[in-house]
Amino acid sequence: MSQYPPGGPPGYGYAGQAGFGQEGYSLPSMTRTSGAAIASFVCGLVMCVPGITGLVAVITGIIGIVQTGKPEVRGRGLAVAGLILGMISLAGWGLLGVGGYALFQSAKPQRTFARTFIADLAARKVAQCVQNSTVNLPAVRLDGESKKMQAWGPLLDTTIIAFRFVNNNGVYAGTVHGICRFPSAQHSFVIQLVKDSTGQFKADSLIWEN
């Protein structure tokens with residue numbers, strides 16, 4: 001005869017399985033927070049890298065939402081927030097990019113004028129430069145600028161590095177910054193532009209910065 005009552009010794013559950021009382025005991029399932037959800041939220045907050053962090057936030061946000069579909073994985077709120085922030089970041093940088101490109105394209109005539117003006121000076125086309133200048137750049141001044149450029153050697157290329165244009169009550173003014181490359185060195189310049197009564201661009205000043 002067994003010295004234990006039916007069902008096994010004390011402390012064992014049904015059918016002899018370990019447990020407390022007459023029912024079996026199981027440990028609670030372990031939960032964790034989705035790493036993708038955390039990464040999405042962090043990248044969504046960091047919008048300093050144009051497009052990249054926003055794209056990462058969207059991708060990891062989607063992954064985090066999928067992962068948090070499992071009961072043991074938490075962080076769905078972080079994933080959703082990161083996804084939304086990532087989409088906002090992409091939309092914002094996209095608008096900035098489109099606006100910047102539109103501004104760049106709208107300034108193409110001014111940039112072309114500045115390049116042509118510098119090329120004419122380098123080619124000793126002083127008379128042409130006089131026609132494209134205001135009275136603030138007389139022929140004697142332009143001739144001197146052209147001779148200065150001759151001493152630097154042939155003009156290799158001209159790069160426009162910055163520009164700014166404003167139209168204040170119909171009075172147009174613009175500034176073009178550029179760099180001319182010669183065989184011996186590079187020289188930076190600033191050209192002030194205005195529009196005459198016919199709407200044509202005119203150089204109002206020319207300054208060499210080095």
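The values are calculated or read from the model by the stated rules, or taken from the named source; none is laboratory data. Fair warning: this is a prediction, and the values are worked out from it, not measured in the lab. Counting neighbours? That spans all protein chains shown, and the Cβs are built from the backbone with ideal geometry, glycine included.
From the set of residues in the range 128-167 that are in a helix (DSSP H, G or I) and of a type in the set (D, E), which is surrounded by the fewest Cβ atoms within 10 Å (Cβ to Cβ)? Please lay out each step first, then the result.
As a first pass, look at the range 128-167 and keep what is in a helix (DSSP H, G or I): 128-131, 139-152.
Now restrict to residues that are of a type in the set (D, E): 143, 145.
On the way: D143: 16, E145: 18.
Taking the candidates together, the pick is D143.
Scan the range 168-188 residue by residue and report those that are among the small types (G, A, S), assigned to a strand (DSSP E or B) and surrounded by fewer than 17 Cβ atoms within 10 Å (Cβ to Cβ). Reasoning before the result, please.
To start, the set of residues in the range 168-188 that are among the small types (G, A, S) comprises 170, 173-174, 178, 184-185, 188.
Retained after the next criterion (residues that are assigned to a strand (DSSP E or B)): 173-174, 178, 188.
Once the filter is applied, which keeps residues that are among the small types (G, A, S), assigned to a strand (DSSP E or B) and surrounded by fewer than 17 Cβ atoms within 10 Å (Cβ to Cβ), the range 168-188 yields A173, S188.
Need the failing condition index for W93 against (1) under 30 Å from I52 (Cα atoms); (2) free of Cβ contacts under 8 Å to residues at least 40 places away in the same chain; (3) out of contact with any Phe, Trp or Tyr (no Cβ under 9 Å at 6 or more places or on another chain); (4) not aliphatic (A, V, I, L, M), just the number.
Checking W93 against (1) under 30 Å from I52 (Cα atoms); (2) free of Cβ contacts under 8 Å to residues at least 40 places away in the same chain; (3) out of contact with any Phe, Trp or Tyr (no Cβ under 9 Å at 6 or more places or on another chain); (4) not aliphatic (A, V, I, L, M), the one that fails is (2).
Return the total of residues in the range 33-62 being closer than 15 Å to M87 by Cβ and in a helix (DSSP H, G or I).
Result for the range 33-62: 16.
Got a sec? Which of I207, I160 is within 13 Å of I118 (Cα to Cα) and in contact (Cβ under 8 Å) with a residue 40 or more places away in the chain? Full working, then the answer.
Numbers: I207 fails: in contact (Cβ under 8 Å) with a residue 40 or more places away in the chain.
Of the residues listed, the single one that is within 13 Å of I118 (Cα to Cα) and in contact (Cβ under 8 Å) with a residue 40 or more places away in the chain is I160.
Being under 32 Å from the mean Cα position of the chain (by Cα) and aliphatic (A, V, I, L, M) narrows it down to one residue among A119, A107; which is it? Show your work before the answer.
Working: A119 fails: under 32 Å from the mean Cα position of the chain (by Cα).
Of the residues listed, the single one that is under 32 Å from the mean Cα position of the chain (by Cα) and aliphatic (A, V, I, L, M) is A107.
Can you find even one residue in the range 71-80 that is on the phi > 0 side of the Ramachandran plot and either buried (at least 16 other Cβ atoms within 10 Å of the Cβ) or modelled with pLDDT of 90 or more (or both)?
Pass one, the range 71-80, residues on the phi > 0 side of the Ramachandran plot: 75.
Okay, now just the ones that are also either buried (at least 16 other Cβ atoms within 10 Å of the Cβ) or modelled with pLDDT of 90 or more (or both), so 75.
Within the range 71-80, one or more residues are on the phi > 0 side of the Ramachandran plot and either buried (at least 16 other Cβ atoms within 10 Å of the Cβ) or modelled with pLDDT of 90 or more (or both).
Can you pull out every residue in the range 98-124 that is within 17 Å of D157 (Cα to Cα) and either hydroxyl-bearing (S, T, Y) or in contact with a helix residue (DSSP H, G or I) (Cβ under 8 Å, 6 or more places away or on another chain) (or both)?
T112, T116, F117, D120, L121, A122, R124
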